[in-house]
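Trainee: Here you go, one structure.
The values are calculated or read from the model by the stated rules, or taken from the named source; none is laboratory data. Note that the coordinates shown come from a computational prediction; the quantities given were computed from them, not determined experimentally. Here the Cβ positions follow ideal geometry from the backbone for every residue, glycine too, while neighbour counts run over all protein chains shown.
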Amino acid sequence: MAVVLGFAAGFLLSHRLWISSRSYPLIPIFHGLHPIPYPLDYVCAGFLFFFLCSSGSASKPRPYIISFAGLLVFLAIFDQTRWQPWVYLYLFLLFALSCFSWTQEDVRGQENTLNICRLLVGTTYFYSGLQKMNAHFAAVGVISMLGRRAARLPLLHVWPWIMAAAEMSIAIGLLTRRNRNIAVVAGIGMHVFILFSNIIIHVWNPVVWPWNVTMIALLVLLFWNADFSFAEAVWRNPMPLHKVVLVLFGILPFFSFFGWWDSYLSASLYSANVPEARVFFRGKVKDQLPGRVQRYVQVLPAATYMLDVGKWSLGELNVPPYPAMRVYRAVGAQICKYADNSPDILLLTQDKDTWLAKGRPTQDTCLSTLLVNKW
């Protein structure tokens with residue numbers, strides 16, 4: 001029920017993310033895949049919410065969970081922006097719950113299912129902390145969470161590293177018997193701190209507020225006074241889904257540090273080290289943009305304008321953009337469509353730093369790569 005309520009709250013807060021009738025472009029997986037037309041997009045979103053609510057209210061929720069997961073994956077094919085970290089985690093938590101028979105006699109099946117959920121949560125905390133072990137987070141971590149007044153704190157650039165290490169320690173503690181309850185308390189404190197930062201200090205990104213509340217509930221339900229071993233959670237589980245989760249959440253996120261796996265599929269939220277993009281233009285391009293896009297355009301000196309892709313996505317969809325270079329180029333291509341491939345448009349992207357190289361800035365125009373990548 002905690003997962004369903006958290007997912008439902010996130011769904012309602014980001015309802016425009018799940019429809020096609022919007023100005024922020026849909027970025028499909030496959031080139032040339034056309035969006036679901038109106039009003040069918042609303043019908044799909046309605047069924048998605050119905051299956052989700054039914055999953056939380058039915059005594060035998062497996063058919064509803066499978067229907068919900070299947071429709072969600074289908075909609076995710078049409079738009080990579082829907083691959084938000086909380087969506088990704090919730091989806092596999094529900095996948096795990098669908099493996100359970102939902103009969104009281106199936107004690108072993110229940111424990112195996114719970115251990116998959118524990119692996120999901122534990123690896124998310126671990127990689128979320130590890131992703132913050134970078135110079136960008138060290139420079140802005142405390143200030144971004146506590147505001148400019150935090151600049152007066154002693155040892156300012158040390159605290160972000162401590163915060164990142166603490167989150168990794170929570171993950172390790174959750175999967176070990178001796179420190180499990182201590183890790184639960186520490187995890188709850190961390191989420192309370194995040195909620196305080198996002199609600200009281202910044203009033204920012206409300207779609208993750210219910211996610212933090214849900215994570216608090218999961219910490220208590222999955223780990224408090226729970227009797228399981230590290231091996232049972234990480235390796236000894238006969239369910240096939242467990243091996244899939246181990247690969248997707250335990251192994252592949254490591255490759256993100258080399259640029260070989262997406263940041264948002266590797267728990268890299270609030271790490272301050274993800275690709276970013278802005279669109280610069282001049283002349284009559286601004287007047288060619290839809291009115292819903294123009295509200296996110298910022299006027300710069302010398303008759304130049306800037307469209308921050310992050311502010312556009314947050315403003316219209318209430319979620320950050322999916323941070324990947326291919327996605328940003330697709331967004332740039334959409335701006336080129338609005339402006340008839342104007343030569344006055346420049347997409348400036350900044351890739352993330354990896355363990356192999358420092359992220360480099362890239363420039364794209366409508367007459368070069370954006371025209372080639374036209375969706």
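Trainee: Does LEU219 meet the test of being under 25 Å from the mean Cα position of the chain (by Cα), touching a residue at least 60 places away in the same chain (Cβ under 8 Å) and more than 26 Å from LEU12 (Cα to Cα)?
Mentor: Taking the combined requirement at face value, the residue does not satisfy it.
Trainee: If THR176 passes every condition in (1) free of Cβ contacts under 8 Å to residues at least 40 places away in the same chain; (2) within 26 Å of VAL245 (Cβ to Cβ); (3) not in a helix (DSSP H, G or I) but one, which one does it miss?
Mentor: Against the list (1) free of Cβ contacts under 8 Å to residues at least 40 places away in the same chain; (2) within 26 Å of VAL245 (Cβ to Cβ); (3) not in a helix (DSSP H, G or I), THR176 comes up short only on (1).
Trainee: Same structure, new question: Go through the residues of segment 7-23 one by one and say whether even a single one is over 27 Å from GLN334 (Cα atoms) and free of Cβ contacts under 8 Å to residues at least 60 places away in the same chain.
Mentor: Scanning segment 7-23 turns up at least one residue that is over 27 Å from GLN334 (Cα atoms) and free of Cβ contacts under 8 Å to residues at least 60 places away in the same chain.
Trainee: Moving on. Taking into account only those residues within segment 24-56 that are free of Cβ contacts under 8 Å to residues at least 24 places away in the same chain, among the aromatic types (Phe, Trp, Tyr) and in a helix (DSSP H, G or I), which is surrounded by the most Cβ atoms within 10 Å (Cβ to Cβ)?
Mentor: In this case the residue turns out to be PHE51.
Trainee: Could we say that HIS202 is free of Cβ contacts under 8 Å to residues at least 60 places away in the same chain and closer than 20 Å to VAL4 by Cα here?
Mentor: Considered against the rule, which asks whether it is free of Cβ contacts under 8 Å to residues at least 60 places away in the same chain and closer than 20 Å to VAL4 by Cα, HIS202 comes out as no.
Trainee: Failed condition for SER21, given (1) among the polar types (S, T, N, Q); (2) at pLDDT 95 or above; (3) within 28 Å of ARG278 (Cβ to Cβ), with all others met?
Mentor: Checking SER21 against (1) among the polar types (S, T, N, Q); (2) at pLDDT 95 or above; (3) within 28 Å of ARG278 (Cβ to Cβ), the one that fails is (2).
Trainee: Identify, please: which residue in segment 246-286 is among the β-branched types (Val, Ile, Thr) and crowded, with 21+ Cβ neighbours inside 10 Å and is, among those, nearest to ALA135 (Cα to Cα)?
Mentor: VAL274
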